[in-house]
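What follows is a short report on a single structure.
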Amino acid sequence: MATVRFLSQAAAAFSSKNGYALSELLLIEANPDVELIFGEILPEEVNIRSVVLNVLPNEAQLRLADLMGTVLQYLRDTVLVEAEHIALMKSLRMTKIYESCIKMFGLPDAGWFNPCIQRVTLRFLEIAVEADRAREDISRDRFVAAITLATNGPLKTAAGDNKPSDALHRIAPRPRDIVFWLANVLVRSSFQLRDTLASTDPIIGFTAPQVENLHLFTKAEQVTFHYYAGSVCLAKEELRPAREHLQLAFDLCTNRSFANKRLIFINLVTASLLLGIFPHPSLLITFNLSEQFLPLLHAIKSGDRSAFRDHLDTNMEWFRKRFIYLILRSKGELLVIRTLFRRTILIARTLWPPDNTGLPPTIQLEHLLAAVRLSYRYSAVGDMELWTWDKVDMEALCASLIDQGYIQGYLLHSRSCLVLQKGPTLGFPPISSVVVRNEE
């Protein structure tokens, strides 16, 4: 019988701890005997559980029996179901297979099962995507559930493998050998969701204890993890951790992988730019990114908010596809206004030199208002009409910059002016030294 042969192969793979051989059997749709197996388990009187236990009767094989039973049940149910429900049935039955895989992965010394977890995880996520697409489910419930199960199951188990680090990657495999493979796959999948951070936070959290061992893994896994960890930090507006991860990913990525290096560089430039660290134009040219980023750099340096928003909105689709439009818009505009105010003060001090150099520098709000009206000549979506702007709006802008640390000073309402801290920076600390509130 094809079914007995199929189960016997599983028993042999289990006994020899051959995860690669067993992984081939778990994806039964690709099995050359799949039609024969289906014909044998199709009749209603056939009890799949009994068939499995006849071949796998030992108590030591109990979890394997449960797993192979879910595989056979997957085959029977997905063939018998109506065509319009096939995708959903596949997702439901694959979930049962995955839950059984999680139980197998929880056994002592289950590192040999790593190939099974890897192959089934990829298929599990793929089927979940197909189920949501078939149902036109914009909430992507099956995909979210699949990511959550994989995170709280295999990833948590792999990350919790606390055997001494000197045993890592030896002849006997360990569950944590695939911890970063799992994390990278799941984070990449999470970026397809609307609420990316809700899924990525536990993934990054589970892997945290293993990060100190990251250097023991393949360079590809290191690069991928640092890239995704940096991208998650960037989405959370944690700019310094984002830049650190992305810089590591960029340095580790070889020049032969130019496309990947460019992908990393896009997020690295974004994080660096918002920290006031600007790349050399030649580097942007090397990665063919000067058209996208040079106008933004020039706009920030000159305090030209109109040029900044005009370029950002004109190329909105390019920035949105890379998940950097919103952070560039929110954080980038603050840098533009900060530069604008600083340049305004420098010009004002040149035109009207202070009588007493011992006093802290000041700038009239009406001068800032004139500069803002000039800088905001291009009206972006959501902007107030320029003619409605007044000194109260300037107070609000100044208060916001002071509160976020971009300006060191205070507002003197009685004189309608901004009083800045004495010193060589005139109350404008280097952007790279400003601690964004999200990073505190």
Exercise. Could we say that ILE102 is under 22 Å from the mean Cα position of the chain (by Cα) and β-branched (Val, Ile, Thr) here?
Worked result: no
For this session: Identify, by number, the condition in (1) charged (D, E, K, R); (2) buried (at least 17 other Cβ atoms within 10 Å of the Cβ); (3) out of contact with any helix residue (DSSP H, G or I) (no Cβ under 7 Å at 6 or more places or on another chain) that GLU82 doesn't meet.
Result: (2)
Seminar exercise, completed: Filtering the stretch 43-61 down to residues that are touching a Leu at 6+ places or on another chain (Cβ under 8 Å) and without any contact (Cβ under 8 Å) to a residue 40 or more places away in the chain yields ILE48
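Do you know which of the residues in the stretch 332-364 that are among the hydroxyl-bearing types (Ser, Thr, Tyr) and either within 39 Å of the chain's Cα centre (by Cα) or outside any loop (DSSP other than H, G, I, E, B) (or both) is modelled with the lowest pLDDT?
Residues of the stretch 332-364 that are among the hydroxyl-bearing types (Ser, Thr, Tyr), as a first pass: 339, 344, 350, 357, 362.
Among the residues that remain, those that are also either within 39 Å of the chain's Cα centre (by Cα) or outside any loop (DSSP other than H, G, I, E, B) (or both) are: 339, 344, 350, 362.
On the way: THR339: 90, THR344: 89, THR350: 82, THR362: 85.
Applying the filter and picking the extreme gives THR350.
Check the stretch 166-176 and report whether any residue there is surrounded by fewer than 16 Cβ atoms within 10 Å (Cβ to Cβ) and on the phi > 0 side of the Ramachandran plot.
First, pick out the residues of the stretch 166-176 that are surrounded by fewer than 16 Cβ atoms within 10 Å (Cβ to Cβ): 166-167, 169-172.
Restricting the remaining residues to those that are on the phi > 0 side of the Ramachandran plot gives 169.
The answer is yes, given that some residue of the stretch 166-176 is surrounded by fewer than 16 Cβ atoms within 10 Å (Cβ to Cβ) and on the phi > 0 side of the Ramachandran plot.
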Problem set entry | ALA110, sole failed condition from (1) under 16 Å from LEU22 (Cα atoms); (2) surrounded by 20 or more Cβ atoms within 10 Å (Cβ to Cβ); (3) at pLDDT 95 or above; (4) not basic (Lys, Arg) | (3)
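Per-residue answers, yes or no, for (1) within 30 Å of ILE285 (Cβ to Cβ); (2) surrounded by fewer than 23 Cβ atoms within 10 Å (Cβ to Cβ); (3) in contact with a Pro (Cβ under 9 Å, 6 or more places away or on another chain); (4) modelled with pLDDT of 95 or more:
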position	(1), (2), (3), (4)
THR200	no, no, no, no
GLY205	no, yes, no, no
ALA208	no, yes, no, no
PHE225	yes, no, no, yes
SER257	yes, yes, no, no
Problem set entry | Pair list, Cβ < 8 Å and 6+ apart or interchain, from the stretch 398-427 residues that are under 20 Å from SER330 (Cα atoms) to residues that are assigned to a loop (DSSP other than H, G, I, E, B) and open to solvent by 70 Å² or more (accessible area, probe 1.4 Å) | GLY405/VAL435
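What helices (runs of 4 or more DSSP H) completely inside the stretch 113-220 contain at least 1 residues that are under 22 Å from ASN260 (Cβ atoms) and free of Cβ contacts under 8 Å to residues at least 60 places away in the same chain? Even if it seems obvious, please write down each step before you answer.
Values: elements: 114-135, 141-150, 156-159, 179-190, 196-207.
Result: 179-190, 196-207.
Every residue in the stretch 47-70 that is of a type in the set (A, V, I, L, M, F, W, C), open to solvent by 30 Å² or more (accessible area, probe 1.4 Å) and not in a helix (DSSP H, G or I), please.
Answer for the stretch 47-70, where residues must be of a type in the set (A, V, I, L, M, F, W, C), open to solvent by 30 Å² or more (accessible area, probe 1.4 Å) and not in a helix (DSSP H, G or I): there is none.
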Exercise. With (1) open to solvent by less than 10 Å² (accessible area, probe 1.4 Å); (2) closer than 26 Å to GLN118 by Cβ as the list, and ALA2 as the residue in question, which single condition is left unmet?
Worked result: (2)
Problem set entry | Which numbered condition ALA30 fails, given (1) closer than 23 Å to TYR98 by Cβ; (2) modelled with pLDDT under 90; (3) surrounded by 13 or more Cβ atoms within 10 Å (Cβ to Cβ) | (3)
Problem set entry | Extreme residue, nearest to SER23 (Cα to Cα), among residues of the stretch 76-107 that are touching a residue at least 40 places away in the same chain (Cβ under 8 Å) and of a type in the set (Ser, Thr, Tyr) | TYR98
Exercise. Got at least one residue in the stretch 291-305 being open to solvent by 10 Å² or more (accessible area, probe 1.4 Å), over 25 Å from GLY405 (Cα atoms), out of contact with any helix residue (DSSP H, G or I) (no Cβ under 6 Å at 6 or more places or on another chain) and among the polar types (S, T, N, Q)?
Worked result: yes
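Could you say which residue among PHE265, PHE323 is among the aromatic types (Phe, Trp, Tyr), on the phi > 0 side of the Ramachandran plot and under 16 Å from the mean Cα position of the chain (by Cα)? First the steps, then the outcome.
On the way: PHE265 fails: on the phi > 0 side of the Ramachandran plot.
Just one listed residue meets the conditions, PHE323.
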Seminar exercise, completed: Here the qualifying pairs (Cβ atoms under 6 Å; residues six or more apart or on different chains; first in the stretch 265-287 and within 22 Å of VAL223 (Cβ to Cβ); second open to solvent by less than 20 Å² (accessible area, probe 1.4 Å) and among the polar types (S, T, N, Q)) come out as ASN267/SER231
Exercise. (1) open to solvent by less than 60 Å² (accessible area, probe 1.4 Å); (2) within 23 Å of ILE285 (Cα to Cα); (3) among the charged types (D, E, K, R): which one isn't true of GLU237, the others all being true?
Worked result: (2)
Exercise. Quick one: would you say TYR406 is aromatic (Phe, Trp, Tyr), at pLDDT 85 or above and open to solvent by less than 50 Å² (accessible area, probe 1.4 Å)?
Worked result: yes
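The values are calculated or read from the model by the stated rules, or taken from the named source; none is laboratory data. In this text, all values refer to a predicted model and were calculated from it rather than measured experimentally. FYI the Cβ positions are ideal-geometry reconstructions off the backbone, even for glycines, and counts take in every protein chain you see. SASA here: full protein model, heavy atoms, side chains in, ligands and nucleic acids out. Shrake-Rupley method; radii C 1.70, N 1.55, O 1.52, S 1.80 Å.
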